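The values are calculated or read from the model by the stated rules, or taken from the named source; none is laboratory data. Given the structure is predicted, the values throughout are model-derived calculations rather than measurements. Because the Cβ atoms are built from the backbone with ideal geometry, glycine has one as well, and the counts that use them run over all protein chains shown.
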Amino acid sequence: MRPVSVGKNLTAATATTLYTVPTGYYAKCTYLNVTNSSVLAKTISLSWYDVSLSATIPLAADFSVLSKVNFAPLSGTQYFVMEEGDYIIATSEAGATMSIVGTFEINGAQRT
């Protein structure tokens, strides 16, 4: 297991990929944190794209984050496991100044 943390400053109203699981690996997503640096409350949507299902799974949909506040949709003992090619997408509201940080535990996949 190798821990990896990734951070991105989001471009408002643009889908931004936070992290994509590399080929041959799986990742345990253990932490996600969003910071709203905007002057006003703004919304954010977070999704997990599951390649094996060809499906986008919402983690937070148009969640309102107050000005100068952090939002941790995933922390503590919560986690989910992503497979190779899966990725996390963050989209903030137009006019927003937001950032996102995620921590993943990366492991080599056992191929059969």
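Some observations on this one:
- Looking only at the range 89-106, and only at residues there that are over 13 Å from Val34 (Cβ atoms) and among the hydrophobic types (A, V, I, L, M, F, W, C), the one that is surrounded by the fewest Cβ atoms within 10 Å (Cβ to Cβ): Ala94
- Within the range 1-26, restricting attention to residues that are touching a Ser or Thr at 6+ places or on another chain (Cβ under 9 Å), hydrophobic (A, V, I, L, M, F, W, C) and part of a strand (DSSP E or B), the residue that is modelled with the highest pLDDT is Val6.
- Residues of the range 32-41 classified as surrounded by fewer than 18 Cβ atoms within 10 Å (Cβ to Cβ) and assigned to a strand (DSSP E or B), total: 1
Results for (1) among the small types (Gly, Ala, Ser); (2) part of a strand (DSSP E or B), shown as yes or no for each residue.
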position: Thr43; (1), (2): no, yes
position: Trp48; (1), (2): no, yes
position: Ser52; (1), (2): yes, no
position: Pro58; (1), (2): no, yes
position: Phe71; (1), (2): no, yes
position: Thr77; (1), (2): no, no
position: Gly85; (1), (2): yes, no
position: Ala96; (1), (2): yes, no
position: Val101; (1), (2): no, yes
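- Qualifying residue in the range 63-82 (condition: closer than 22 Å to Tyr25 by Cα and touching a residue at least 60 places away in the same chain (Cβ under 8 Å)): yes
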